[in-house]
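Reviewing the structure listed below.
The values are calculated or read from the model by the stated rules, or taken from the named source; none is laboratory data. Computed from a predicted model, the values in this text were never measured in an experiment. We place every Cβ from the backbone using ideal geometry, glycine too, and count neighbours over all the protein chains shown.
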Amino acid sequence: MPKCPRGAYYSRALRVLVAEDDPVQRHLIASALTAWGYTPELYQTGTDAWAAAQEDDAPNLMILDWMMPGLAGVDVCRKIRRAAPNRVVYIILLTAKQRDSNVVEGLGAGADDYIEKPFTPHELEARLRAATRIVRLQMDLELRVEELESALAKVHELENLLPICSYCKKVRSDGDYWTQVERYFSERTSVKFSHGICPTCYEEKVEPELAALEAGSINVNE
């Protein structure tokens with residue numbers, strides 16, 4: 001799922017994917033969601049719901065009827081969890097199945113909650129409000145983790161910066177002391193240095209000094 005600002009996350013949390021094959025029940029749920037401030041996105045089959053759930057901007061709240069043409073709601077739930085196990089999405093299953101084994105199957109498929117039919121609007125609203133709080137908490141946590149990772153990346157980048165003097169080429173150590181490059185690395189790594197003279201320095205530094213020495217302009221005893 002692409003990253004987006006917190007406001008966009010919260011806006012998305014108010015959208016609800018509803019998959020219900022019964023037209024009367026679907027209309028009642030949609031009307032109730034609209035009255036509560038949610039934006040319902042309606043689908044008649046599990047196959048259509050699964051296709052919509054795969055979109056990058058799919059809602060983070062979903063209400064799926066267990067029994068639907070094409071894919072059952074529990075199968076849609078299972079597919080969502082397998083395809084994106086870390087995705088922030090809260091799924092409520094609507095079911096007329098009241099046996100404990102069916103409840104266990106639904107929760108085992110990845111549903112976060114279930115509501116037995118017939119249900120009252122008050123029960124659906126209460127469960128949906130709880131789902132919204134959980135989704136927003138998960139989104140906040142996800143954003144905090146992203147911010148922390150970004151901050152740590154900047155810290156690592158700063159740690160990799162090595163302050164060096166533009167003139168004498170000494171390196172600034174942790175205690176704000178300036179020391180030679182070879183000493184700095186010798187104290188912190190197993191690197192050993194062997195000193196030599198590069199051709200450029202030999203031409204620009206050593207040869208003039210040798211010439212001056214031969215000409216007697218440099219006193220070696222000084």
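Side notes on the structure shown:
- Scanning region 49-93 for residues that are touching a strand residue (DSSP E or B) at 6+ places or on another chain (Cβ under 6 Å) and among the β-branched types (V, I, T), we see that the one that is surrounded by the fewest Cβ atoms within 10 Å (Cβ to Cβ) is I92.
- Screening T34, T45 for residues that are closer than 12 Å to V16 by Cα, of a type outside the set (A, V, I, L, M) and touching a strand residue (DSSP E or B) at 6+ places or on another chain (Cβ under 9 Å) leaves exactly one candidate, T34.
- Answer from A131, A111, A96 - the residue that is surrounded by 14 or more Cβ atoms within 10 Å (Cβ to Cβ), within 17 Å of V74 (Cβ to Cβ) and assigned by TED's automatic domain parsing to the domain that holds N60: A111
- Residue that is nearest to E20 (Cα to Cα), among those in region 89-105 that are in contact with an Asp or Glu (Cβ under 7 Å, 6 or more places away or on another chain) and modelled with pLDDT of 90 or more: L94
- Scan of region 19-58 for residues that are touching a Ser or Thr at 6+ places or on another chain (Cβ under 8 Å), at pLDDT 95 or above and more than 13 Å from L128 (Cα to Cα), ordered by number: A19
- For A53, the conditions (1) more than 16 Å from E123 (Cα to Cα); (2) hydrophobic (A, V, I, L, M, F, W, C); (3) more than 26 Å from the chain's Cα centre (by Cα) all hold with the exception of (3).
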